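J.: Before I ask anything, let me first share the structure, which is written out below as structure tokens.
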Amino acid sequence: MRRWKWLVWLAFAATIGLVTWTFLSTDQEKEPLRSSMPASPPPVQTPANPVPGDLLLAGYADPATAPIEDLRKIHRVVAGYFTVIKDGSRFPIGGNADLAAALRGENANREVFVRGDSPVFSGDGLLVDRWGSPLVVHPEAWRQLAIRSAGPDRRAYTADDLVLLPSGRQARPGE
Amino acid sequence: MPSRRQFLGEASCAAIGSTSVLSTLLNLTMANHAAAQGGFGSQRKSLVCLFLSGGCDTFNFLIPTEPGPYAEYAAARSNLAIPLNDPNPSNNIIPLTGTGYGLHPSCVHLAEMFNGTGSFTGKKRLALLANVGTLIEPIASKQDYLSGNIALPKALFSHRDQIEQWQTSVPQGMQVLSGWGGRAADVIHSTFNTEQTGNYYMPMNFSLAGNSAFQIGRSEGQFVITGNGALTFDGSTGNSAVNQAKTQVTQDTVASPIEEHYRNLFQRTHGRITANSIERGAEFQQHFDNPGTLNSQNVDAVIAAAPFPAHWISDQFRAAVKTIAIREQLKLARQTIFIEFGGWDHHAELLTNQRNMLGALDGALHAFQICLENLGLSDDVITFTCSDFGRTLRSNGQGTDHAWSGNQLVLGGPVQGGVIRGSFPSLVIDGPDDIGRGGRIFPKLSADEYFCELLRWFGVTAGDMDMVLPNIRNFYDPASSSHPVNFLA
């Protein structure tokens with residue numbers, strides 16, 4: 001008898017749950033497309049240990065390596081970032097400051113790709129080249145970023161610039 | 001061409017006399033078009049889209065001139081600010097009468113067309129739209145943007161995505177691309193371009209800039225032309241005897257054998273499309289090379305006399321004038337023309353590049369509009385601009401970077417000239433209209449509202465607007481009797 005009562009209660013609760021779920025899901029369908037991002041995103045937790053991006057950036061700005069290798073390292077981190085981050089509308093990347101923040105965790109997943117204390121960041125949080133100049137990040141399309149170093153003269157858009165195209169190929173002079 | 005009154009009368013009689021429900025529905029659809037547009041095919045109309053690719057810095061094109069707003073502008077733009085009171089007057093902002101705003105000093109003729117002065121005395125032909133951009137739904141405030149509760153366009157600030165979104169007007173992104181000009185052709189080509197009977201077919205969308213998403217519809221496509229006319233398979237243009245012979249050889253050696261000998265469906269279809277394309281090209285070229293007279297004016301002579309600047313973009317505008325002038329011969333009551341002026345991605349050398357390029361744009365638009373006026377076409381043509389995005393207000397030292405909202409211009413006889421529509425934003429860095437990181441202004445006016453007003457004029461009915469602009473109801477009811485933006489007279 002007692003078991004039978006439990007079964008009735010269980011069926012009743014399931015029915016209420018189903019009706020509530022149906023009602024709520026219908027309401028949601030009427031809403032325009034929205035991001036899954038909560039209104040107040042949780043703060044980014046900085047991991048204690050190096051994250052994959054830090055490992056990919058090991059040896060960044062090492063004078064023993066060619067300067068273009070620095071850009072290749074960043075390119076690999078960016079490729080990893082876009083493999084994980086699928087939301088193309090939240091936290092759009094328009095330049096250096098956006099990309100730097102996104103790698104530090106200001107992204108749809110709140111995931112840290114490069115820790116804030118990485119030498120790739122300047123004191124004001126921008127991605128910098130080995131000469132200390134901010135990199136020029138040029139978004140040609142979603143997931144397609146060209147990265148430019150101002151080179152030794154520390155002036156962007158001059159002949160000594162180093163440019164890595166979104167494909168990962170180094171741009172030829174004047175390209 | 002039947003008059004609107006005549007058509008409505010005949011359509012009503014046909015509907016009453018018909019016992020077929022389908023027939024009645026068809027007549028009602030036709031009447032809807034006629035009633036909505038104020039004339040079924042009685043007036044030819046052309047829409048000219050000028051795409052400024054690269055992302056034009058339009059906050060140095062339309063500039064506040066009142067002391068307070070100008071001070072904010074000058075502070076935000078620092079070394080890139082255009083002066084108000086430079087000792088050399090040709091460096092100063094050109095005032096737009098009665099607005100509190102002005103244009104870049106290179107835009108002398110655009111200012112005349114706005115103010116109704118100079119060669120446009122008494123004819124205000126230019127309106128400006130402030131703070132317009134790609135949106136899925138309205139954003140009331142910066143807090144709304146930051147809340148994460150508003151659907152945002154995919155990949156803001158990136159060239160390719162934003163170009164695509166201006167041309168598709170679907171900022172969510174599309175699996176299969178179609179542009180709003182192409183979708184407009186899907187719904188109106190067969191209802192307006194009714195002079196095309198039998199086997200005659202001429203597309204209503206012409207591109208002077210190769211293939212663009214803007215003019216690709218689900219069933220209608222675009223016809224790519226050059227400054228010299230139709231494209232040919234060997235790349236030559238023009239209607240010389242040599243080119244005619246080459247075309248004939250192509251038809252004989254490529255299209256016909258495929259049509260005749262191959263049984264594969266794809267090959268046969270390809271052969272047919274190739275042959276049709278060659279025929280359409282020849283048809284177009286014949287009229288393009290001999291545009292004749294329009295309203296007693298020799299078309300070639302009018303174009304030759306117009307003050308087009310010595311710049312490559314002028315070729316596209318000259319070809320656009322001709323393509324519009326021959327629309328009757330092409331049996332087109334509706335046509336769109338796509339022109340692209342690239343090179344506006346001014347991360348460096350912004351001031352010098354913009355001065356030169358805005359000067360070329362100003363001169364070409366001026367000469368283009370003069371041609372239309374002299375050929376009696378001004379009341380039937382609207383030219384409008386789009387660009388990937390606006391640019392950051394803050395200087396990077398040499399230029400500006402990718403941002404979001406910007407300002408656009410609309411030009412033509414049907415335009416309510418001399419007005420600035422939309423809400424010009426605060427230009428304070430990190431101010432109420434800046435979403436951050438260098439003065440990136442969010443749009444208060446959607447590209448959908450902008451395009452909807454153009455499409456209503458063009459003949460797209462309220463019922464068809466959802467198909468052409470799928471997000472429009474987030475901003476405006478297409479059945480409304482008032483314009484969405486109100487820049488048309």
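The values are calculated or read from the model by the stated rules, or taken from the named source; none is laboratory data. Just so we're clear, the structure is a prediction, and the values are computed from it rather than from any experiment. Don't worry about glycine lacking a Cβ; one is built from the backbone with ideal geometry, like all the others, and counts go over all protein chains shown. Remember, those area values only see protein heavy atoms, side chains included, never the ligands or the DNA or RNA. Shrake-Rupley method; radii C 1.70, N 1.55, O 1.52, S 1.80 Å.
J.: How many residues are crowded, with 24+ Cβ neighbours inside 10 Å and either outside the structural domain of B:R456 (by TED's automatic domain parsing) or small (G, A, S) (or both) when one looks only at region B:179-206?
T.: The qualifying residues number 5.
J.: I'd like the full set of residues that are touching a Pro at 6+ places or on another chain (Cβ under 7 Å) and farther than 30 Å from B:A75 by Cα, limited to region B:371-414.
T.: Within region B:371-414, B:D379, B:I382 meet the criteria.
J.: Continuing with the same structure: Which ones in region B:181-191 are more than 24 Å from B:A447 (Cβ to Cβ) and either among the basic types (K, R) or touching a residue at least 12 places away in the same chain (Cβ under 8 Å) (or both)?
T.: Scanning region B:181-191 gives a single hit, B:T191.
J.: In this structure, does B:V460 turn out to be outside any strand (DSSP E or B), among the β-branched types (V, I, T) and at pLDDT 95 or above?
T.: yes
J.: Turning to a different aspect of this structure: Taking the conditions exactly as written (over 22 Å from the mean Cα position of the chain (by Cα) and among the basic types (K, R)), does B:R44 satisfy them or not?
T.: So B:R44 fails the test.
J.: Could you tell me whether A:G105 is in contact (Cβ under 8 Å) with a residue 40 or more places away in the chain, exposed (fewer than 15 other Cβ atoms within 10 Å of the Cβ) and either in contact with a Cys (Cβ under 8 Å, 6 or more places away or on another chain) or more than 14 Å from chain B (Cβ to nearest Cβ) (or both)?
T.: No; evaluated as a whole, the condition is false for this residue.
J.: Separate question: Name the one entry in B:Q143, B:Q162 that is in contact with a His (Cβ under 9 Å, 6 or more places away or on another chain), assigned to a helix (DSSP H, G or I) and within 14 Å of chain A (Cβ to nearest Cβ).
T.: From the options B:Q143, B:Q162, the qualifying one is B:Q162.
J.: Right, something else. hydroxyl-bearing (S, T, Y), surrounded by 21 or more Cβ atoms within 10 Å (Cβ to Cβ) and at pLDDT 95 or above - does that describe any residue in region B:324-343?
T.: Checked against the condition, which is being hydroxyl-bearing (S, T, Y), surrounded by 21 or more Cβ atoms within 10 Å (Cβ to Cβ) and at pLDDT 95 or above, region B:324-343 yields at least one hit.
One line per residue, one yes/no per condition, for (1) surrounded by fewer than 19 Cβ atoms within 10 Å (Cβ to Cβ); (2) of a type outside the set (V, I, T); (3) closer than 30 Å to B:G122 by Cβ:
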site: B:L372; (1), (2), (3): no, yes, yes
site: B:C386; (1), (2), (3): no, yes, yes
site: B:N396; (1), (2), (3): no, yes, no
site: B:S423; (1), (2), (3): yes, yes, yes
site: B:I429; (1), (2), (3): no, no, no
site: B:D433; (1), (2), (3): no, yes, no
site: B:I441; (1), (2), (3): no, no, no
site: B:T461; (1), (2), (3): no, no, no
site: B:H483; (1), (2), (3): yes, yes, yes
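J.: Would you mind finding the one in A:E106, A:E111, A:E140 that is touching a Ser or Thr at 6+ places or on another chain (Cβ under 8 Å) and under 30 Å from B:I136 (Cβ atoms)?
T.: Just a single option satisfies the conditions, and that option is A:E140.
J.: I've got another one for you. Only one of B:S147, B:S119 is more than 30 Å from A:W142 (Cβ to Cβ) and modelled with pLDDT under 95; which?
T.: On inspection, the qualifying residue turns out to be B:S119.
J.: Also, quick follow-up: Only one of these conditions is not met by B:A155: (1) assigned to a loop (DSSP other than H, G, I, E, B); (2) surrounded by fewer than 22 Cβ atoms within 10 Å (Cβ to Cβ); (3) small (G, A, S). Which number is it?
T.: (2)
J.: While we're looking at this one, here's another question. Checking B:G102 against (1) open to solvent by less than 70 Å² (accessible area, probe 1.4 Å); (2) over 15 Å from B:G359 (Cβ atoms); (3) free of Cβ contacts under 8 Å to residues at least 24 places away in the same chain: exactly one of these is not met. Which one?
T.: Among (1) open to solvent by less than 70 Å² (accessible area, probe 1.4 Å); (2) over 15 Å from B:G359 (Cβ atoms); (3) free of Cβ contacts under 8 Å to residues at least 24 places away in the same chain, B:G102 violates only (3).
J.: Identify, from the list B:D315, B:D380, the residue that is touching a strand residue (DSSP E or B) at 6+ places or on another chain (Cβ under 7 Å) and open to solvent by 10 Å² or more (accessible area, probe 1.4 Å).
T.: After ruling out the rest, the residue left standing is B:D380.
J.: Of the conditions (1) in a loop (DSSP other than H, G, I, E, B); (2) touching a strand residue (DSSP E or B) at 6+ places or on another chain (Cβ under 8 Å); (3) buried (at least 18 other Cβ atoms within 10 Å of the Cβ), B:L128 clears all except one; give me its number.
T.: Every condition holds for B:L128 apart from (1).
J.: To continue, here is another question. For region B:420-434, does any single residue satisfy the condition of being of a type in the set (S, T, Y) and more than 14 Å from chain A (Cβ to nearest Cβ)?
T.: Yes, region B:420-434 has at least one match.
J.: Looking at the structure I just gave you, is A:R148 within 13 Å of another protein chain (Cβ to nearest Cβ) and over 10 Å from the mean Cα position of the chain (by Cα)?
T.: Yes.
J.: Looking only at region B:158-177, which residues are surrounded by fewer than 22 Cβ atoms within 10 Å (Cβ to Cβ), touching a residue at least 24 places away in the same chain (Cβ under 8 Å) and within 17 Å of B:N211 (Cα to Cα)?
T.: Result: B:H159, B:L177.
J.: Return a yes/no flag: does region A:117-124 have any residue that is in contact (Cβ under 8 Å) with a residue 40 or more places away in the chain, in contact with a Phe, Trp or Tyr (Cβ under 9 Å, 6 or more places away or on another chain), open to solvent by 40 Å² or more (accessible area, probe 1.4 Å) and within 12 Å of another protein chain (Cβ to nearest Cβ).
T.: Looking for residues that are in contact (Cβ under 8 Å) with a residue 40 or more places away in the chain, in contact with a Phe, Trp or Tyr (Cβ under 9 Å, 6 or more places away or on another chain), open to solvent by 40 Å² or more (accessible area, probe 1.4 Å) and within 12 Å of another protein chain (Cβ to nearest Cβ), one finds none in region A:117-124, hence no.
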